[in-house]
Amino acid sequence: MRQEQRVYTLPAGSVQQPGNLPAHCARHGRPAVKRVDFALQSKVEIEGNRTLSGNVFSTADRLSRRAEKVRVTHVKGWPLCRDCVRIRTVWLTIALIMFVGGLVAFAGSLLVGIVAAESTVQAFAGVAIGGFVVLVLSAFALHRAGLARLVGAATAADGRTVLIVNPSDAFAAELPRRCA
Ligand SMILES: [Zn+2]
């Protein structure tokens, strides 16, 4: 059974000014050890038939329409607790290791493949493909480290408010009453 989601809204104007956010993190409810500024986007669903957008032009059109619709809030001083900072550091480290490792495996095996004997080329091709896959997967690790995902917030579609889904009790308690 799906748990009821508690969504809190904050005026975009107030989160764009430093000092208006709680002193406890939204995820874990622990005291903030760090304040971060970041750009928080709205989630945009572009309507339209996907089967009709098979060519480059309509894809570009979809992307530009998406860019027009995305609203961004420049959040100032969002509280992160020690756990938030650690989670972010871990995912950023994983992303970096995967990116560098994938790149070295991919580029390195291509270079070695050029000079290697015919019989070993296939083995290096396998490593190159593996490296490429790891390279692509590093983007997912980077996504996990993203602040929007970490704090569980998004800008509303109209850009006027910031939505926070299921914040910690300590965070919610410090919000103005009318936000609930
Ligand atoms: Zn936290």
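Of the residues Phe140, Phe171, only one is buried (at least 16 other Cβ atoms within 10 Å of the Cβ) and of a type in the set (Phe, Trp, Tyr); which?
Working: Phe140 fails: buried (at least 16 other Cβ atoms within 10 Å of the Cβ).
The unique qualifying residue is Phe171.
Just checking, how many residues over region 86-106 are within 12 Å of Leu137 (Cβ to Cβ), of a type outside the set (A, V, I, L, M) and open to solvent by 60 Å² or more (accessible area, probe 1.4 Å)?
Summing the residues that are within 12 Å of Leu137 (Cβ to Cβ), of a type outside the set (A, V, I, L, M) and open to solvent by 60 Å² or more (accessible area, probe 1.4 Å) in region 86-106 gives 1.
Taking Arg88 as the residue in question, decide whether it is under 19 Å from the mean Cα position of the chain (by Cα) and within 16 Å of the ligand (Cβ to nearest atom). Before you say what the answer is, go through the steps one by one.
Values: under 19 Å from the mean Cα position of the chain (by Cα): yes; within 16 Å of the ligand (Cβ to nearest atom): yes.
For Arg88, the condition - under 19 Å from the mean Cα position of the chain (by Cα) and within 16 Å of the ligand (Cβ to nearest atom) - is met.
In region 1-46, which residues are part of a strand (DSSP E or B) and open to solvent by less than 30 Å² (accessible area, probe 1.4 Å)?
Going through region 1-46, the residues part of a strand (DSSP E or B) turn out to be 7-11, 24, 31, 34-42.
Listed by number, the residues that qualify are Leu10, Val36, Phe38, Leu40, Ser42.
If I filter region 57-85 down to residues being under 17 Å from the mean Cα position of the chain (by Cα) and among the hydrophobic types (A, V, I, L, M, F, W, C), which single residue comes out as farthest from Pro167 (Cα to Cα)?
Result: Ala67.
Among the residues in region 107-127, are any more than 16 Å from the ligand (Cβ to nearest atom) and closer than 30 Å to His24 by Cβ? Don't jump to the end; show me each part of the working.
As a first pass, look at region 107-127 and keep what is more than 16 Å from the ligand (Cβ to nearest atom): 107-127.
Within this subset, residues satisfying the condition of being closer than 30 Å to His24 by Cβ are none.
There is no residue in region 107-127 that is more than 16 Å from the ligand (Cβ to nearest atom) and closer than 30 Å to His24 by Cβ.
How many residues, within region 97-130, are under 21 Å from Ala145 (Cβ atoms) and touching a Gly at 6+ places or on another chain (Cβ under 6 Å)?
So the answer is 1.
Just name the residue that is farthest from the ligand (Cβ to nearest atom) out of those in region 66-85 that are β-branched (Val, Ile, Thr) and more than 22 Å from Ala139 (Cα to Cα). Outline the logic, then answer.
Here is the first cut: in region 66-85, the ones β-branched (Val, Ile, Thr) are 70, 72-73, 75, 85.
If we keep only those that are more than 22 Å from Ala139 (Cα to Cα) too, we end up with 73, 75.
Working: Thr73: 20, Val75: 15 Å.
So the residue we want is Thr73.
Pairs needed: first member in region 77-99, aromatic (Phe, Trp, Tyr) and part of a helix (DSSP H, G or I); second member anywhere, within 16 Å of the ligand (Cβ to nearest atom) and open to solvent by less than 30 Å² (accessible area, probe 1.4 Å); C-beta distance under 9 Å; at least 6 residues apart or different chains.
Trp91/Ala145; Trp91/Gly146; Trp91/Leu150
Restricting to region 54-72, give me the number of residues that are outside any helix (DSSP H, G or I) and either of a type in the set (D, E, K, R) or modelled with pLDDT of 95 or more (or both). Write out each step before concluding.
Taking region 54-72 as the starting set, the residues that turn out to be outside any helix (DSSP H, G or I) are 54-55, 70-72.
From what is left, the residues that are either of a type in the set (D, E, K, R) or modelled with pLDDT of 95 or more (or both) are 71.
Of the residues in region 54-72, 1 are outside any helix (DSSP H, G or I) and either of a type in the set (D, E, K, R) or modelled with pLDDT of 95 or more (or both).
Could you identify the single residue in Val127, Val134 that is surrounded by 13 or more Cβ atoms within 10 Å (Cβ to Cβ) and at pLDDT 95 or above?
On the way: Val127 fails: at pLDDT 95 or above.
Of Val127, Val134, the one residue that is surrounded by 13 or more Cβ atoms within 10 Å (Cβ to Cβ) and at pLDDT 95 or above is Val134.
Test Leu111 against the stated conditions and say whether it is farther than 30 Å from Arg71 by Cα and assigned to a helix (DSSP H, G or I).
yes
The values are calculated or read from the model by the stated rules, or taken from the named source; none is laboratory data. None of these values were measured; they are calculated from a predicted model. Here Cβ is always computed from backbone atoms with ideal geometry, including for glycine, and neighbour counts include all displayed protein chains. Areas reflect the complete protein model, heavy atoms only, side chains present, ligands, DNA and RNA absent. Shrake-Rupley method; radii C 1.70, N 1.55, O 1.52, S 1.80 Å.
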